[in-house]
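The values are calculated or read from the model by the stated rules, or taken from the named source; none is laboratory data. Being a predicted model, the structure only gives us computed values, none of them experimental. All Cβ positions, even for glycine, are placed from backbone atoms using ideal geometry, and neighbour counts span all protein chains on display. Accessible surface is based on the protein model in full, side chains and every heavy atom, while ligands, DNA and RNA are left aside. Shrake-Rupley method; radii C 1.70, N 1.55, O 1.52, S 1.80 Å.
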Amino acid sequence: MCGIWALFGSDECLSVQCTNAMKIGHRGPDAFRFENVNGFTNCCFGFHRLAIVDQLYGMQPLRIKKFPFLWLCYNGEIYNHLTLKKQFEFDYQTKVDGEILLHLYDRFGIKKMASLLDGVFAFILLDTANRKVFLGRDTYGVRPLFKLLTDNGFLAVCSEAKGLTNITHAMATPPNIVPFPPGHYEVFNLKQNGKVQSLQLEQFHCCTQEPAHAIYDTVERLPTSFDEETVKNNIRTLFENAVRKRLMAHRRIGCLLSGGLDSSLVAATLVKLAKEEKLQYPIQTFSIGSDDSPDIIAARKVAAHIGSEHHEVNFTAEEGIQALEEVIIHLETYDITTIRASVGMYLVSKYIREKTDSVVIFSGEGSDELTQGYIYFHKAPTPKAAAEDSVRLMKELYLFDVLRADRTTAAHGLELRVPFLDHRFTAYYLSLPEEMRIPKHGMEKHLLRESFKGLNLIPDEILWRRKEAFSDGVMSEKKSWYTFLQEHVESMVNDDRMEKARKMFPHNPPCNKEAYHFREVFEKHYPGRAEWLSHYWMPRWINAIDPSARTLSIYKPDKDQ
């Protein structure tokens, strides 16, 4: 995890602008560099480093002797960099995984470069020889990127929007700050005065396509039959491969463990592969919740089963409520379910940073969207509708769960790894017949569970544990985190203000007091930026008025099964 920031054609002195780059310092606590671009006095890069790979040569912007005209600032990990280096016989100068971008760009151009990257990334690539600037972001937007472009061609780019909100510019009205679209790259002409002109914005990968880098993967072509046993075997093979490739790190690896199916499969596979790869330390797992929360109890069982070094972080409603404003500042959103679920993840990340030496953190994000894990999928009218909604959720991850996972970990200088969002794994799963992927026998994610049945990888009761929203599972079944929040905001937002909510906030008007309170905090720190969120996350097909699983009529806790 790093923080990247760059300006092209600044209208203001760079020494004034660079204070904005410090707003994302949490993303890279190990080192900071601010560098002007030779020959372009109003262009510069800012970089906050979290050192994970190549401690010596990993500072950015990355430049190498072979390509003195290329400047690269990127945030991410390229898991296939050594495979591609060998495949194309590139002559490396560093051990930095990102060096592969320079070689691929030089040989193949920007589109093929981006499509061959197996990993998570957001990049800014400057080519001074051809006077071009390139931006790009991975398929699911696991790594964040925002841009500001004025009418007169001043471009500012940052890992988080907060590094752009106070940029000085010559325009009469504030320019839009927009998230860069996942799976796309953009090409700009760089003028002599440092200003830019956008030439093309193009998609290089969509979640339903097999990625171009698959032909160079360590796991070769899989059997194409849709026979159930073949499919289950392919799922296991690709998932294990997704976890294995993410072991690339020079810092200690840990794993978030809620005790649900997804994080348990990740943690169990991680512990298994860490032993095979002979890592010199035990894998630490981390759960958060109140003493009697379903998540804490389930995670304890999984940790005992897999033999991890387990840490439990106690979580009270009071601590959660105190952290709310800080969490919203980091998230840059007012989405209800994102904020609810982020509080626990933010606090457990804080614990990891302060009390342990784990820095690279595995997590189970992406599985619910990919494998139709949300409870509302039981109500899908047809398998086709379910499949289409799964793809929609995958494409919107960068607004919701992936945003939550990135910001809550990056807030404490941790690096997130999400094997369920592996390009090959997701493309394969989404290619399966629609009927295979729907909930069966009253159980969501039935195919995923069946794929790991009988292996003793995780306890059977966890393999078949029903979906519990992270924001709900951290508290007792008697009283959920959702309920505590409702009570807290009741006294903070009066009925008069609620009646005027639509007039006050015409874009995504809050529908209850909790949403109103979140919006107020958001507007306090990011006034006039409501468009960053296009819509609230909400279940489909069941007329839901709240995103919490526990509020749905079809919710049944495990003990009722």
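Quick notes on this one:
- Scope segment 324-337; condition open to solvent by less than 10 Å² (accessible area, probe 1.4 Å) and part of a helix (DSSP H, G or I); matching residues: 324, 327, 328, 331, 336
- Verdict on residue 142 being assigned to a strand (DSSP E or B) and not acidic (Asp, Glu): no
- Residue count for segment 263-297, restricted to those that are in a helix (DSSP H, G or I) and at pLDDT below 95: 4
- Within segment 437-471, tally of residues that are part of a helix (DSSP H, G or I), surrounded by 15 or more Cβ atoms within 10 Å (Cβ to Cβ) and modelled with pLDDT of 95 or more: 9
- Qualifying residue in segment 412-427 (condition: more than 14 Å from the chain's Cα centre (by Cα), farther than 30 Å from residue 282 by Cβ and not aliphatic (A, V, I, L, M)): no
- Residue within segment 8-26 that is in a loop (DSSP other than H, G, I, E, B), open to solvent by less than 10 Å² (accessible area, probe 1.4 Å) and on the phi > 0 side of the Ramachandran plot present: yes
- Between 342, 358, the distinction of being crowded, with 24+ Cβ neighbours inside 10 Å, touching a Lys or Arg at 6+ places or on another chain (Cβ under 6 Å) and either under 30 Å from residue 274 (Cα atoms) or among the aliphatic types (A, V, I, L, M) (or both) belongs to 342 only.
- Cβ-Cβ contacts under 9 Å between residues 6 or more apart (or on different chains), taken from a first residue in segment 434-462 that is on the phi > 0 side of the Ramachandran plot to a second residue that is among the hydroxyl-bearing types (Ser, Thr, Tyr) and not in a loop (DSSP other than H, G, I, E, B), are listed as 445/367.
- Extreme residue, farthest from residue 241 (Cα to Cα), among residues of segment 272-294 that are among the hydroxyl-bearing types (Ser, Thr, Tyr) and open to solvent by less than 50 Å² (accessible area, probe 1.4 Å): 290
- Screening the candidates 494, 508, 543, 512 for the property of being more than 26 Å from the chain's Cα centre (by Cα) and open to solvent by less than 40 Å² (accessible area, probe 1.4 Å) yields one hit, 512.
- Within segment 250-271, the set of residues being of a type in the set (Gly, Ala, Ser) and either open to solvent by 30 Å² or more (accessible area, probe 1.4 Å) or assigned by the TED database to the domain that holds residue 118 (or both) comprises 258 only.
- Within segment 376-409, the set of residues being among the β-branched types (Val, Ile, Thr) and crowded, with 24+ Cβ neighbours inside 10 Å comprises 402, 408, 409.
- Options 129, 114, 170; residue that is at pLDDT below 95, among the small types (Gly, Ala, Ser) and not in a strand (DSSP E or B): 170
- Checked against (1) touching a strand residue (DSSP E or B) at 6+ places or on another chain (Cβ under 8 Å); (2) under 17 Å from residue 371 (Cα atoms), residue 284 passes all but a single condition, namely (2).
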